[in-house]
Amino acid sequence: GVTATAGSSGQVYFSSTTTMPYMFFHNTTNAWTLNGSTGALAQVTDLDFPTNQTPKRNLVPGAVCMNNTVFVMSTDGRVYNSAVEDPTSWGALDYISLVSEPDKAVAIEKTNNYLVAFSRNYTEFFYYSGNPTGSPLSVNLAAKLEVGCSSAASIVKLPNQIVFVGNSKEAGRSVYILNTLPSPPPIVTGK
């Protein structure tokens, strides 16, 4: 969708959830929640949210909800997460960074229980592992692709597939269909 507010306008990216009453949406510089129980629309003001930090971290397109947690990615490749069932609350250490070579972050999407993090020349896959501190995500290094995304606007989400214009250092630009991924490792709790 497209939104305009007093301080910003542009494309927005939505994430809704099944058990919490919020719809979360953002553009690259601000975020809001719509409380389905009360009808209240509110800007996310938590100082740990990336666009409210000092220095400010702008966001890439995309918002993902996994296990009642909302995820966004900053342009420097950090994937931030909200508190469980509360996209108005964000922790200072609740993020995980892309682990490939330094690269410009492009967008995030979700498919097959993975958060897919696109950068310009690589694609990384994160799964919900339930880590007790920091991000609840872990990276699946075995699934890393040496193909990035040329433009967030090229990403089309289909059932169990993502189609995008990709960029490879060796082959240049092509249209890619991402439709087969290994299953994430099981979540291990306790000892």
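Return the residues of the range 85-103 that are of a type in the set (A, V, I, L, M, F, W, C) and loosely packed, with under 14 Cβ neighbours inside 10 Å; say none if nothing qualifies. Of everything in the range 85-103, those that are of a type in the set (A, V, I, L, M, F, W, C) and loosely packed, with under 14 Cβ neighbours inside 10 Å turn out to be Ala92, Leu93, Val99. Among the residues of the range 110-118, not a single one is at pLDDT below 95, more than 15 Å from the chain's Cα centre (by Cα) and either of a type in the set (Gly, Ala, Ser) or surrounded by 18 or more Cβ atoms within 10 Å (Cβ to Cβ) (or both). Screening Asn35 against (1) more than 26 Å from Phe125 (Cβ to Cβ); (2) out of contact with any strand residue (DSSP E or B) (no Cβ under 7 Å at 6 or more places or on another chain); (3) modelled with pLDDT under 90 leaves a single unmet condition, (2). Looking at the range 52-84, which of its residues are open to solvent by 10 Å² or more (accessible area, probe 1.4 Å), more than 18 Å from Tyr22 (Cα to Cα) and β-branched (Val, Ile, Thr)? Listed by number, the residues that qualify are Thr54, Thr75.
The values are calculated or read from the model by the stated rules, or taken from the named source; none is laboratory data. In this text, all values refer to a predicted model and were calculated from it rather than measured experimentally. Every residue, glycine among them, receives a Cβ derived from its backbone with ideal geometry; neighbour counts consider all protein chains shown. Heads up: the accessible areas ignore ligands, DNA and RNA and are worked out on the full protein's heavy atoms, side chains in. Shrake-Rupley method; radii C 1.70, N 1.55, O 1.52, S 1.80 Å.
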